[in-house]
Amino acid sequence: MVILGIETSCDETAAAVVKDGKEVFSNVVMSSLKEHKKFGGIIPELASRRQLEWIQTVVKRALKVADLTLDDIDAVAVTSRPGLIGSLLVGISFSRALSFSLNKPLINVDHIKAHLYANFLRQSSAEEYPQLPVVGLVVSGGHTSLYHIKNFDQFKLLGQTRDDAVGESFDKVARILDLGYPGGPAIDRLAKGVQPTGQIRFKCADLPKTYDFSFSGIKTAVLYYARDHKTQKDFDVAAVVQAFQQIVVSVLVKKSIYACQELKTKSLVVGGGVAANSLLRKQLMHEAKLQGIKVFFPSMSLCMDNAAMIAGLGYWSREKQEAKL
Ligand code: KG4
Ligand code: ZN
């Protein structure tokens, strides 16, 4: 079954063609991120206007790269939630109209679960693929959650952030330190190569024995630290972001390993924009190896918002609907 996926939940306008929930024939992404940078965050109205302008182009390109036409598509899968309402509406309206005109099924897909599903897509660089059941860690700009996945139509939510998402905390800390938007990649780059001296120590709530997270306190701690030290001659931004990143990553690693141990699950999949973070990748791999757990990250292009993950997960929802008919 060949599915056309469409994703417009934030600043990306994306389309992809995926066969049988695995094989990525094409994965096209256009982003309006550059236009939002000067505002220090995503401007919803601007994002949805660009999506309206670009959606036809990305769909045409995705079909062209896949060397297919609309007639070859068996179904359309679209991100139905969560996201910016105006942006979601562009993708949903376009997909509805397309599915109606082609007389092909429309499949609604949850963006967060799709981020985890990205690990199950065929990636040329991967040597091994995760086997169900798995624990899934979602780390994105809007969400931080842990899932237990037994089947692709059965994602059990174990816990989530009680306040800020982890990506949001990277973005807010970067804003406090004037590092620009989005904050995650800037902090990742700046912290690389900084030797931890232990001179700056932040605390991050780790809510023991729960699967929940909390990242609003650490952001405030950085804010106060910057307020009190910014004017000092030896104020070292790189050392501050290194200390911030270190503690945040350690909480994510600890919680994920705890979930795997409690659920006796030997595989962990990670998804969402923050899965691109180099320290998270390194430390999670290291700790998981020590505990005999296999950890999987999507390739960089599948970490960020994309439509291949939507078409991929959509394949499984569609099968369920067919079985019901
Ligand atoms: O999943 P995503 O592309 O969009 C949402 O669905 O939210 O995630 C975007 C988030 C932003 O907060 C961005 O700062 C963060 O992912 N991010 C990173 C890195 N690359 C992107 N955070 C830490 N390190 C990175 N390398
Ligand atoms: Zn996302």
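The values are calculated or read from the model by the stated rules, or taken from the named source; none is laboratory data. None of these values were measured; they are calculated from a predicted model. For neighbour counting, all protein chains shown are included, and Cβ atoms are generated from backbone atoms with ideal geometry for every residue, glycine included.
Miscellaneous remarks
- Taking residues in the range 171-191 that are assigned to a loop (DSSP other than H, G, I, E, B), and partners anywhere that are among the β-branched types (V, I, T) and surrounded by fewer than 19 Cβ atoms within 10 Å (Cβ to Cβ), the pairs with Cβ atoms closer than 9 Å and at least 6 places apart or on different chains are L177/V237; D178/V237; L179/V237.
Residue-wise test of (1) of a type outside the set (A, V, I, L, M, F, W, C); (2) within 16 Å of ligand 1 (Cβ to nearest atom); (3) in contact with a Pro (Cβ under 6 Å, 6 or more places away or on another chain).
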site: T69; (1), (2), (3): yes, no, no
site: L88; (1), (2), (3): no, yes, no
site: S95; (1), (2), (3): yes, no, no
site: A118; (1), (2), (3): no, yes, yes
site: E128; (1), (2), (3): yes, no, no
site: N151; (1), (2), (3): yes, no, no
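- Reported count of residues in the range 189-199, each being within 13 Å of ligand 1 (Cβ to nearest atom) and surrounded by fewer than 19 Cβ atoms within 10 Å (Cβ to Cβ), is 2.
- Count of residues meeting criterion [more than 16 Å from ligand 2 (Cβ to nearest atom) and surrounded by 23 or more Cβ atoms within 10 Å (Cβ to Cβ)] in the range 159-173: 1
- Any hit, the range 221-240, residues being under 23 Å from the mean Cα position of the chain (by Cα) and surrounded by 21 or more Cβ atoms within 10 Å (Cβ to Cβ): no
- In the range 29-57, the qualifying residues are those that are among the β-branched types (V, I, T) and more than 16 Å from ligand 1 (Cβ to nearest atom), and the one that is nearest to the chain's Cα centre (by Cα) is I55.
- Evaluation of F155 against (1) more than 16 Å from ligand 2 (Cβ to nearest atom); (2) among the aromatic types (F, W, Y); (3) assigned to a strand (DSSP E or B) (one fails), failing number: (1)
The rows are residues; the columns are (1) within 12 Å of ligand 1 (Cβ to nearest atom); (2) modelled with pLDDT of 95 or more.
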| residue | (1), (2) |
| --- | --- |
| L207 | no, no |
| S214 | no, yes |
| L223 | no, yes |
| K230 | no, no |
| K233 | no, no |
| C260 | no, yes |
| V270 | yes, yes |
| P298 | yes, no |
| M304 | yes, no |
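- Whichever residue in the range 265-304 is part of a helix (DSSP H, G or I), more than 16 Å from ligand 2 (Cβ to nearest atom) and touching a residue at least 24 places away in the same chain (Cβ under 8 Å) and, among such residues, is surrounded by the most Cβ atoms within 10 Å (Cβ to Cβ): L284
- Flag for L137 being buried (at least 23 other Cβ atoms within 10 Å of the Cβ), touching a strand residue (DSSP E or B) at 6+ places or on another chain (Cβ under 6 Å) and at pLDDT 95 or above: yes
- Verdict on S80 being over 30 Å from E262 (Cα atoms), surrounded by 14 or more Cβ atoms within 10 Å (Cβ to Cβ), within 16 Å of ligand 1 (Cβ to nearest atom) and hydroxyl-bearing (S, T, Y): yes
- Look at (1) more than 16 Å from A308 (Cβ to Cβ); (2) of a type in the set (S, T, Y); (3) surrounded by fewer than 19 Cβ atoms within 10 Å (Cβ to Cβ) and you find that S32 fails only one, number (3).
- Residue within the range 81-89 that is farther than 15 Å from V28 by Cβ and more than 16 Å from ligand 2 (Cβ to nearest atom) present: yes
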